[in-house]
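Below: one structure, written as structure tokens.
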Amino acid sequence: TFNHDHALDRQSLESYRAFRIEAESKNFRHFLEVFAPNAPLRPIADTPRFVNDCIARTLAGVPTASRPRFLKIPYFGARAMDQLVHYDPNLVVGILGGSSGTTHDAFRMLWEAKKYGARAALFGRKINHSEHQLTFVKFLRALADDELEPDDAVRAYHNELDHLGI
């Protein structure tokens, strides 16, 4: 992710360009994972906007054949997601599961991100650390398919855990 140092920004963009060209020449499809800056040189007033701007600059002018299959980003909230998916409706935006939190946090994040345009959720750690992975995924799927809302999914998940003796 960009850090307000133009020389490093340019180096990052040039490295990604070289990677894309090589990947395309080898018929290799990729995804682009972007994080919030963890050690910016200057304070960033609006991190979600900054990250969206970095994504827009990174993908500006990239030919269709070289574009990432999907984008993997932290979920910065409804406004940032809505802005990003409206900037490029052809880009498949996926969210990271983020730091550990409650089951409700995970379910609400998925539900809300989808509502504002996310089309993928990559919750590996959240799934791995759940009480029962298959049951957790079952309810993530139900949320993604608009069969449940977060509060109902949490109650149903905990009921199933009770039935499983967990």
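The values are calculated or read from the model by the stated rules, or taken from the named source; none is laboratory data. Everything numeric here is computed off the predicted structure, so don't read it as measured data. Reconstructed Cβ throughout: ideal geometry from the backbone, glycine too, with neighbour counts over all protein chains shown.
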Just the residues that are assigned to a helix (DSSP H, G or I), of a type in the set (A, V, I, L, M, F, W, C), at pLDDT below 90 and loosely packed, with under 11 Cβ neighbours inside 10 Å, please, taken from the stretch 1-57.
7
Inside the stretch 40-78, can you point out the residues that are more than 15 Å from residue 17 (Cβ to Cβ) and of a type in the set (S, T, N, Q)?
47, 52, 64
